[in-house]
Amino acid sequence: MTLPAESVAALGQRVWEVVSGHVLGGRSELAVAAPGACAEAARLRREPLPDAPAADPLLLVDEVGRSLREGNAHPDHPDFLAFVPAPGTVTGVLASALAAGFAVPTGWSFTGAVSSAIESATVRWLVELLGLAPGTSGLFVSGGSTANLTALTAARDALVGTEARGATAYFSDQTHLSVPRALHVLGIGEERVRVLPSDAHRRLSPDDLRRRVAEDRRHGLRPFLVVANAGTTATGDVDPLPELAAFCREEGLWLHVDGAFGAPAALTGRGRALLAGLDEADSVSVDPHKWLFQPAGTGCVLLRDPVFLTRAFGVELPGYLEAGAPGGEGGEVDYLNWGVEQTREFRALRLWLSLKVFGADAFRAAVRRGLDTADDIASYIDSRAGLEVVTGPSLAVVTFRGLVPPARRSLPAPEDTDRMVDEVCRELRSEGRAMLTGVTVGGRRVFRLCVINPRVERAGLRAVVDRVAALWAARAASAERSEGIS
Ligand SMILES: Cc1ncc(COP(=O)(O)O)c(C=O)c1O
């Protein structure tokens, strides 16, 4: 399967034209998401296997580029404010191509001496950027879910062994779904997973934790793990890390901090203060594909003592691998011994190239911008009639609600206002105007904005909020009219 060199050059050029048309400023004039059901997706799902070669590969690239632009939502778009956006840098995209072009096997330092060294250096830089304890190390994985699974495996093996008989784990009800799922994979079933109700500030209460751990110990169980949030997905709140770290030390528990979304706030002075205690964790998850601006599929897991990765994942090398290794200089890491993958993507190159090209200060400034944008939009929401901030700004997340007009004779039922939040979000999306999601805070649906994209402009964001207010007001008025008729 080869192509003539001229065809490869033309194809490469066309791929770059399509990609650069999107990533170099071509995002803001695009609808943030396709309105309604995607007919193109339905067609693609049914396509038969192509036995014969394409008549025109250039056309194919054009077509798939157009489909991706028109049929997908765009998490890198400045008006994508839902979930955790993915505002990637162009260097991350280029590094993906560079890495794929060299078929680099980064699992083993003998054949991947340079790629393993780059990964080690990038991890060391990340540890420095986040202000973690010297000696902390880890590896790149596919994302926060895998990072959590990797860290929790190390914790289980370190403290309770693979059987994990009677082992119990603790975290708040604000914790990401990947944490209970990781425990399920590790054989720690629901009956031994303590999902503690969060406090009024949506944080894990150290007092509740202490009580529950003591109770479980009294019943002969083996508490081993606390998972804390450094930025919950819903509201960006941070668990009380210093208190939790002190408690875990006292009790001999492993503290894992899920900073998949929020940990990069520690690149700024303000964020570092909010995340005080992050450096006391036994393990931390952080997703460069979120607030460090890399392409999807770039996560990282960091352990204060990486020997626990080798204990959990280390394997005896079969002869065909063992035989090749020449003596290195020392310090080389065979990443196949630190995680579940042997043949691995060279994900680290994305962050490495981006840090080298732009410099760490550009990253600090971009993260600071997210924090500042959240402050600005929260003040704007509170200054506007008809809306009020519910939570935040916290790590670039703000939630808010629409108010019911004071002239209204009776208040709508809470279920009606819950429904209206989701309807407004759907309507905005169908206009192609912006992507927002509702979240549940204190039992009620509210609007949520996540503004980590440094390309978010204040004026554009205020216009989105104005549109939410207008759609909300229209719904509140029509709810009142229909109530009046009935
Ligand atoms: C706090 C947190 N943890 C874990 C994850 C899972 O990350 P991924 O989607 O990269 O697997 C997310 C995703 O948004 C998250 O916000």
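Multiplying the residue separation of residue 24 and residue 90 by 0.36 nm and subtracting their alpha-carbon distance yields 23.0 nm.
Using the 1.4 Å probe convention, the accessible area of the chain works out to 46 Å² per residue with neighbouring protein chains retained.
Taking a ≥ b ≥ c as the square roots of the eigenvalues of the Cα gyration tensor, the stretch 363-485 is prolate, since a/c reaches 1.5 or more and a/b is larger than b/c.
The Cα center of the stretch 387-458 and the Cα center of the stretch 206-261 differ in position by 30 Å. A Förster radius of 45 Å combined with the Cβ-Cβ distance from residue 207 to residue 343 puts the calculated FRET efficiency at roughly 0.45. On the basis of the beta-carbon distance and an R0 of 35 Å, residue 422 and residue 52 show a calculated FRET efficiency of 0.15.
For a test of the definition: using alpha carbon positions, the gyration tensor, and the 1.5 limit on a/c, classify the chain as rounded, prolate or oblate. The shape class here is oblate.
For the stretch 329-359 versus the stretch 111-127, the spacing of their alpha-carbon centroids is 4 Å. Annotation: amide H of residue 73 within the under-5 Å range of 34, sequence separation 5 or more or interchain, hydrogens built in the peptide plane. Phi angles of the stretch 297-303 translate, via the Karplus equation with coefficients 6.51, -1.76, 1.60 and θ = phi - 60°, into HN-Hα couplings of x, 10, x, 8, 10, 10, 10 Hz per residue; Gly and Pro are given as x.
Restricting attention to the chain, close to 60% of DSSP beta bridges with both partner residues there are antiparallel. Subtracting the Cα-Cα distance of residue 470 and residue 17 from their residue separation scaled by 0.36 nm leaves 159.2 nm.
Which residues does a label at residue 219 reach in the stretch 149-169, if reach means a backbone N under 13 Å from a point 7 Å past the Cα toward the Cβ? The answer is 166-169, whose backbone nitrogens lie closer than 13 Å to the label point.
Sequence-ordered 3J(HN,Hα) estimates for the stretch 357-370 from the Karplus curve with 6.51, -1.76 and 1.60 and θ = phi - 60° stand at 6, 9, x, 5, 4, 5, 5, 4, 5, 5, 5, 4, 4, x Hz, glycine and proline given as x. Applied to the stretch 431-444, the Karplus parametrisation 6.51 cos²θ - 1.76 cosθ + 1.60 on θ = phi - 60° returns per-residue 3J(HN,Hα) values of 6, x, 7, 6, 10, 10, 10, x, 9, 9, 10, x, x, 10 Hz, with x for Gly and Pro.
Counting Lys +1, Arg +1, Asp -1, Glu -1, what net charge surrounds residue 163 among other residues with beta carbon under 11 Å of its beta carbon? Within the 11 Å Cβ shell, the charges total +2.
Measure off, as a whole percent, the carbon and sulfur share of the 1.4 Å-probe accessible area of the chain, all protein chains present. Here carbon and sulfur together make up 56 percent of the probe-accessible area. Pairs of Cα atoms nearer than 8 Å and 6+ residues apart set the relative contact order; for the chain it is 21 percent. Here the simple spin-label model places points 7 Å from the Cα toward Cβ, and for residue 199 and residue 44 these points are separated by 4.7 nm.
Close amide H pairs (under 5 Å, H built 1.01 Å from N) link residue 387 with 403, residues at least 5 positions away or on another chain. With each label modelled as a point 7 angstrom along the Cα→C-beta vector, the residue 431-residue 273 pair spans 3.8 nm. If a paramagnetic tag sat 7 Å from the Cα of residue 462 along the Cα-Cβ line, which residues of the stretch 413-445 would have the backbone N under 13 Å from that point? Within reach of a label on residue 462: no residues.
Under the convention that each Lys and Arg Cβ holds +1 and each Asp and Glu Cβ holds -1, the size of the dipole of the chain around its Cα centre is about 1000 debye.
Taking the DSSP beta bridges with both ends in the stretch 97-359, the antiparallel portion is around 40 percent. Applying 1/(1 + (r/R0)^6) with R0 = 30 Å to the Cβ-Cβ distance of residue 455 and residue 320 gives a FRET efficiency near 0.05.
Accessible surface for residue 250 stands near 120 Å², nearest 10, in the context of the full protein assembly shown (1.4 Å probe). Rounded if a/c is under 1.5, else prolate if a/b beats b/c, else oblate: with a ≥ b ≥ c from the C-alpha gyration tensor eigenvalues square-rooted, which is the stretch 97-359? Oblate. Estimated from helices alone, the mean residue ellipticity of the chain at 222 nm is -14500 deg cm²/dmol (sum of -39500 (n - 2.57) over DSSP H runs with n ≥ 4, per residue).
Note on the chain: dipole from Cβ charges, positive end direction compared against 335, 197, 391; the farthest Cα belongs to 391.
The values are calculated or read from the model by the stated rules, or taken from the named source; none is laboratory data. Here the structure is a predicted model, which is why all the values come from computation and not from measurement. When we count neighbours, we look across all protein chains shown, and the Cβ atoms used for this are built from the backbone with ideal geometry, even at glycine. The accessibility values were calculated without ligands, DNA or RNA, using every heavy atom of the protein model including side chains. Shrake-Rupley method; radii C 1.70, N 1.55, O 1.52, S 1.80 Å.
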